[in-house]
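**Q** Sharing a structure below in structure tokens format, with a few things to ask.
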Amino acid sequence: MNVRIERVVTSGIFALDGGEWEVDNNVWLVGDDSEVLVIDAAHDADAISAAVGDRRVIAIACTHGHNDHVNAAPQLADRLQPQTPIWLHPDDHVLWDMTHSDRRPDADLADGQTITVAGTQLTVLHTPGHAPGAVCFYAPELKAVFTGDTLFEGGPGATGRSYSDYDTIVASIKARLLTLPTETVVHTGHGPETTIGAETKNIAE
């Protein structure tokens, strides 16, 4: 299998509810030498574009609509091939509009949707809680899941701000993520990777 997972770390500001925080984001590229899927175009279109190189980008897929995960998406799409689409779950349009009021995503992500890149399938898992339209992307052939800010090393993502809910994120993680094979590698939106097995103990009963 020639499909590989690449990480680009970008830095910038997360802003919500009147506050601002400096953050480092993981941008994930899934693909081969010909085509690639970009997961979460954060902060720096130049750095992401350099990592993509001359490969065809099938889409920019957003795990959720917080500004630090989508702020570079339109600029990146514009500099890539014509009609490179931006995908977002419709429940997160309210968050997207806080950052990009003059441009909408090109298509909606749906729970159970299958994305194929370089012959490998990723399944969209709707996992609300950190954000109402938060999704994860599960690639069983790669033994990987891309969780955005739903699940980190150490437990659930933050739920102390607008449009988030702790009970909802825990329910999402239990139903949609902890049911995956324990060896599945969790590629997070910030910080280090972990595994489903390692995080099982960190989720409230």
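The values are calculated or read from the model by the stated rules, or taken from the named source; none is laboratory data. The model shown is predicted, which means the values in this text are computed figures rather than measured ones. No Cβ is skipped: glycine too gets one built from the backbone with ideal geometry, and neighbour counts run over all protein chains shown. We work out accessible area using only protein heavy atoms, side chains counted, and drop any ligands, DNA or RNA first. Shrake-Rupley method; radii C 1.70, N 1.55, O 1.52, S 1.80 Å.
**Q** Do any helices (runs of 4 or more DSSP H) lying entirely in the stretch 8-117 carry at least 1 residues that are without any contact (Cβ under 8 Å) to a residue 40 or more places away in the chain, open to solvent by less than 50 Å² (accessible area, probe 1.4 Å) and over 24 Å from Gly191 (Cα atoms), and which ones are they?
**A** Qualifying helices (runs of 4 or more DSSP H): 73-79.
**Q** Same structure again: Here's a check for you: in the stretch 158-196, which residue that is in a strand (DSSP E or B) and β-branched (Val, Ile, Thr) is nearest to Trp28 (Cα to Cα)?
**A** Filtering the stretch 158-196 for residues in a strand (DSSP E or B) gives 185-188, 194-195.
Filter once more, keeping what is β-branched (Val, Ile, Thr): 185-186, 188, 194-195.
On the way: Val185: 13, Val186: 12, Thr188: 9, Thr194: 15, Thr195: 16 Å.
Restricting to residues being in a strand (DSSP E or B) and β-branched (Val, Ile, Thr), the top hit is Thr188.
**Q** Hey, another quick one. Please work out which one of (1) touching a Gly at 6+ places or on another chain (Cβ under 7 Å); (2) part of a loop (DSSP other than H, G, I, E, B); (3) modelled with pLDDT of 95 or more is the condition Gly129 fails and give its number.
**A** (1)
**Q** I'd like the residue in the stretch 148-199 that is open to solvent by 50 Å² or more (accessible area, probe 1.4 Å), of a type in the set (Gly, Ala, Ser) and without any contact (Cβ under 8 Å) to a residue 24 or more places away in the chain and, out of all such residues, is farthest from His130 (Cα to Cα).
**A** Checking each candidate, the answer is Ala175.
**Q** When residues of the stretch 124-147 are filtered for being farther than 18 Å from Pro90 by Cβ and open to solvent by 10 Å² or more (accessible area, probe 1.4 Å), how many remain? Break it down stepwise before answering.
**A** Filtering the stretch 124-147 down to residues farther than 18 Å from Pro90 by Cβ leaves 138-147.
From what's left, open to solvent by 10 Å² or more (accessible area, probe 1.4 Å): 138, 140-143.
Number of matching residues: 5.
**Q** When you go through Asp111, Asp44, Asp68 one by one, which is the residue that is acidic (Asp, Glu) and either touching a Pro at 6+ places or on another chain (Cβ under 8 Å) or under 22 Å from Gly18 (Cα atoms) (or both)?
**A** On the way: Asp111 fails: either touching a Pro at 6+ places or on another chain (Cβ under 8 Å) or under 22 Å from Gly18 (Cα atoms) (or both); Asp44 fails: either touching a Pro at 6+ places or on another chain (Cβ under 8 Å) or under 22 Å from Gly18 (Cα atoms) (or both).
Going through Asp111, Asp44, Asp68 in turn, the sole match is Asp68.
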